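Worksheet: the structure to be examined is printed underneath.
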Amino acid sequence: MNFLKNDKLFWDSDINHLNPTLHKESIIERVLERGTWSEIKELIAYYGKPAIIEAAKEARYFSDKTTHFISGYFSIPLDNMRCYKEKQLNPVLYL
């Protein structure tokens, strides 16, 4: 679980107090959004694809790049992802 020891991923948290079970959704979201490919592979090995898919579907925010990566890699339709649906309902207005 090297991804839990990366203080660059969890700069706003005390990494000594991260509980992989209690904070599972937050950890999954952070590693998917900001982690390296090796950290993402380690995340998949630790939690398993079903847990990651569920957390990704319920996440409130991912960047567009991360949203499309997750959708393609885990075969999740964009319409099944909460972050995508919320972004579609709240478009950014350009000036």
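Bear in mind that the values in this text are calculations on the coordinates, not laboratory data. Just so it is clear, the structure is predicted and the values come from calculations on it, not from any experiment. Positions of Cβ are backbone-derived with ideal geometry, glycine not excepted, and every protein chain shown enters the neighbour counts.
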> How far is helix 49-58 tilted, in degrees, relative to the longest principal axis of the Cα atoms in the chain, given as a value from 0 to 90 rounded to the nearest 10?
Replying inline: 50
>> How would the range 17-63 be classified by its alpha-carbon gyration tensor: rounded, prolate or oblate, with rounded meaning a/c under 1.5 and the a/b versus b/c comparison settling the rest?
In response: rounded
> What does the highest-first list of 3-15, 44-56 look like by mean Cβ count within 10 Å?
Replying inline: 44-56, 3-15
>> Need the list of lysines near K24 for cross-linking: C-alpha distance under 21 angstrom, and skip anything on the same chain fewer than eight residues off.
In response: K5, K8, K41, K49, K57
>> Can you tell me, using C-alpha contacts under 8 Å and at least 6 residues apart, the relative contact order of the range 2-89 as a whole percent?
In response: 23
> R34 versus A51, label points 7 Å from Cα toward the beta carbon: distance in nm?
Replying inline: 2.1
>> What aspartates and glutamates does K65 reach when the alpha-carbon gap must be under 16 Å and sequence neighbours fewer than 8 apart in one chain are set aside?
In response: E29, E33, D79, E86
>> For semi-axes √(5λ) of the Cα gyration tensor in Å, pick the label among (1) 24, 16, 12; (2) 21, 14, 12; (3) 16, 15, 14 that corresponds to the value derived from the coordinates.
In response: (1)
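Dipole of the range 2-89, Cα-centred, from +1 at each Lys and Arg C-beta and -1 at each Asp and Glu C-beta, to the nearest 20 debye?
Roughly 160 debye for the range 2-89.
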> All other residues with a Cβ under 13 Å from the Cβ of V92 taken together, and with Lys, Arg as +1 and Asp, Glu as -1, what is their net charge?
Replying inline: -1
> Using helices alone, what [θ] at 222 nm do you get for the chain, with -39,500 (n - 2.57) per DSSP H run of 4 or more residues, divided over all residues and rounded to the nearest 500?
Replying inline: -15500 deg cm²/dmol
